[in-house]
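The values are calculated or read from the model by the stated rules, or taken from the named source; none is laboratory data. These numbers come from a predicted model, not from an experiment. Don't worry about glycine lacking a Cβ; one is built from the backbone with ideal geometry, like all the others, and counts go over all protein chains shown. In case anyone asks, the SASA skips ligands and DNA or RNA and just uses the protein heavy atoms, side chains included. Shrake-Rupley method; radii C 1.70, N 1.55, O 1.52, S 1.80 Å.
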Amino acid sequence: QVQLVESGGGLVQAGGSLRLSCTASGRIFSTNPMGWYRQAPGKQRELVALIRSGDITNYDDSVKGRFTISRDYAKNTVSLQMNSLKPEDSAVYYCYYAARTGNYWGQGTQVTVSS
């Protein structure tokens, strides 16, 4: 069983920064991807950033150049540094871990960007 616990959400003004962190526990393998998704009210959950073995990263086009994903393999954590935040970044952000047995999600952390 895998558990993911996020922290770091909150309220910030447009142009500001936030850092999200997620700690994973259970059967975690460094070769399996971890990442962040987000879901705004009335919208589908969407991929924000993903990090794979070898620190290969993927970003949604809307966050490229503003967000940076990183992973500490020894501590089983994944972080998302979010800079130059925009009101359209407001959403619940979910930590994600892809295992052979299925996908795991954190409980979500709210990010609200005021204009």
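Taking the conditions exactly as written (touching a Lys or Arg at 6+ places or on another chain (Cβ under 9 Å), among the hydroxyl-bearing types (Ser, Thr, Tyr) and without any contact (Cβ under 8 Å) to a residue 60 or more places away in the chain), does residue 79 satisfy them or not?
no
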Among (1) open to solvent by less than 70 Å² (accessible area, probe 1.4 Å); (2) basic (Lys, Arg); (3) within 20 Å of residue 11 (Cβ to Cβ) - the single one residue 86 does not satisfy: (1)
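If I ask for residues that are polar (S, T, N, Q) and touching a Lys or Arg at 6+ places or on another chain (Cβ under 6 Å), which ones from the stretch 17-46 would you list? Outline the logic, then answer.
As a first pass, look at the stretch 17-46 and keep what is polar (S, T, N, Q): 17, 21, 23, 25, 30-32, 39, 44.
The answer is 39, and nothing else.
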Pairs under 6 Å by beta carbon, first residue open to solvent by less than 100 Å² (accessible area, probe 1.4 Å) in the stretch 100-115, partner among the acidic types (Asp, Glu), six or more apart or different chains? 106/6; 109/6; 113/89
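At least 1 residues that are basic (Lys, Arg) in each: list the strands (runs of 3 or more DSSP E) lying fully within the stretch 1-92 that qualify. Full working, then the answer.
Working: elements: 2-7, 10-13, 18-26, 34-39, 46-52, 56-59, 67-72, 77-82.
It comes to 18-26, 34-39, 46-52, 67-72.
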For the stretch 42-63, does any single residue satisfy the condition of being surrounded by 15 or more Cβ atoms within 10 Å (Cβ to Cβ), polar (S, T, N, Q) and farther than 26 Å from residue 88 by Cα? no
Matching residues, the stretch 20-39, being surrounded by 14 or more Cβ atoms within 10 Å (Cβ to Cβ) and either in contact with a helix residue (DSSP H, G or I) (Cβ under 9 Å, 6 or more places away or on another chain) or not hydrophobic (A, V, I, L, M, F, W, C) (or both): 21, 23, 32, 33, 35, 37, 38, 39
